[in-house]
1. Neighbouring Cβ atoms within 10 Å as the yardstick, rank K135, K32 fewest first.
2. I want the local charge near K135. Using Cβ-Cβ distances under 12 Å, sum +1 for each Lys or Arg and -1 for each Asp or Glu among the other residues.
3. Tell me, in nm to one decimal, what length is gained between T217 and R171 on full extension, where the rule is 0.36 nm per residue of separation less the Cα-Cα distance?
4. Counting Lys and Arg as +1 and Asp and Glu as -1, what is the net charge of the other residues whose Cβ lies under 10 Å from the Cβ of E81?
5. Peptides 56-67, 72-83: what's the order by average Cβ count within 10 Å, highest mean first?
6. Which of the pairs K74/K112; K141/K162; K110/K146; K32/K151 have their Cα atoms more than 28 Å apart in this structure?
7. Kindly identify region 103-179 as rounded, prolate or oblate by the Cα gyration tensor criterion: order the square roots of the eigenvalues as a ≥ b ≥ c, call it rounded if a/c is under 1.5, otherwise compare a/b with b/c, prolate if a/b is larger, else oblate.
8. Tell me, R230, R45 in order of fewest to most beta-carbon neighbours within 10 Å?
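What follows is calculated from the coordinates using simple rules that are stated; it is not laboratory data. Model, not experiment: these values are computed from the prediction. Counting neighbours? That spans all protein chains shown, and the Cβs are built from the backbone with ideal geometry, glycine included.
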Amino acid sequence: MTRFVVPDSVHMTAEDDGSVILLNVTSGQWHKLNRTGNELFSAIRAHGVDAAVEVFASRYPEVPQGQIRLDAEKLLSALVERGLLEPDNLERGSGGVPIALAPRSPVSLKPKLMAAVALPLALLLLRLPFRMTVKAFKFVKRGLAKRTATKPEALQALAAAKRVSRFHPGRVACLELSLTAALTAAFRGGSVQWCLGVATDPQSFHAWIEADGEPVTDPFDDPIPPTYQRVLAV
């Protein structure tokens with residue numbers, strides 16, 4: 001389970017009606033969650049997204065569980081983007097699952113050119129506070145990705161990211177590679193989801209891209225283990 005914590009810069013005040021007021025001292029912005037939003041907010045903080053979905057599914061059986069999950073992921077993404085929640089002990093730039101950087105899938109020239117631009121941008125964005133990384137990626141997607149990328153396009157973006165990453169002198173793990181692939185797809189006009197997840201036994205962090213709700217992996221790579229649970233999709 002990935003824990004999400006409220007940063008020290010955020011102050012919370014509970015209201016009598018079950019809502020909560022949040023002040024982000026860093027941005028100077030006030031936010032309010034109604035009673036239901038506050039309950040989901042608290043459940044995500046305490047148990048993670050999957051457990052929160054289970055709690056709400058049992059509490060509101062008339063609501064489809066898929067809709068509850070979608071609402072939970074949207075809320076989590078919005079809270080992270082606004083700096084009201086952040087992953088606990090997320091090690092950016094060095095953490096995550098190592099990725100083989102010698103793909104054998106053929107890669108055409110255009111994706112490689114896009115990936116050559118996407119990699120340094122991804123490395124730069126990952127040096128920012130995580131909420132800013134998420135916000136910047138959303139901005140790029142919103143501006144450039146006008147359609148949903150097909151699975152072959154997403155695979156080409158991933159393969160191009162891996163090919164270009166071979167020339168980076170530093171270590172490239174799943175976080176850097178997945179964001180590079182997601183940016184590459186966006187530069188070509190296609191939208192993929194940038195996903196972060198965790199496995200609990202053993203505890204490990206992973207990041208990947210998805211197209212049409214399915215993880216995208218190079219055919220020569222091992223598939224993403226089912227033990228990884230998605231906790232954030234951007």
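1. Listing K135, K32 from fewest to most nearby Cβ atoms yields K32, K135.
2. Spelling it out: positives minus negatives among the neighbours equals +4.
3. Length gained between T217 and R171: 14.6 nm.
4. +4
5. Ranking, from highest mean packing down: 72-83, 56-67.
6. Violating the 28 Å Cα-Cα cut-off are K74/K112; K32/K151.
7. Note, shape of region 103-179 comes out oblate.
8. R45, R230
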